Amino acid sequence: FADHNLAPLGVRSDAIHGSPSVAKRVVYHVGSTEVAGLSCTPGSFPVINQPKTNAFHVLEGVFFLTNADGSARRCVAGDTVVLPKGWTGHWDVIEPVKKLWVEVV
């Protein structure tokens, strides 16, 4: 998932700090399942009632995920995370992130 192989999607319109820019490459999409590589530059943005379950493995970077109850987790390369359908929280990307993710409705 080299940067030049990812399609730029632009700066997140819901950014509340910085200008988190996202790029993505879909490698599998059948029905309600999608597998992709994704990158995001530093910045912060909310997620409200996530519509799909999102499981991902962090390849590079540092970020914090803060749940709606205020509990937070620092995530780094090597971590695997599952955010369930309906998750509400906040992303704070500290260092550019690359992740391999699977999304299922």
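The values are calculated or read from the model by the stated rules, or taken from the named source; none is laboratory data. It should be emphasised that the depicted structure is a prediction, and the values quoted were computed from it without experimental measurement. As a convention, Cβ positions derive from the backbone with ideal geometry for all residues, glycine included, and neighbour counts pool all protein chains shown. For the accessible areas, the whole protein counts, side chains as well, though only heavy atoms, and no ligand, DNA or RNA atoms are used. Shrake-Rupley method; radii C 1.70, N 1.55, O 1.52, S 1.80 Å.
Remarks
- Strands (runs of 3 or more DSSP E) lying entirely in the chain (those with 3 or more residues that are open to solvent by less than 20 Å² (accessible area, probe 1.4 Å)): 33-40, 43-47, 53-67, 89-104
- Residue among Ser44, Ser71, Ser32, Ser39 that is free of Cβ contacts under 8 Å to residues at least 12 places away in the same chain and out of contact with any Cys (no Cβ under 7 Å at 6 or more places or on another chain): Ser71
- Candidates Val93, Val81, Val58: the one that is farther than 19 Å from Ser21 by Cα and among the β-branched types (Val, Ile, Thr) is Val81.
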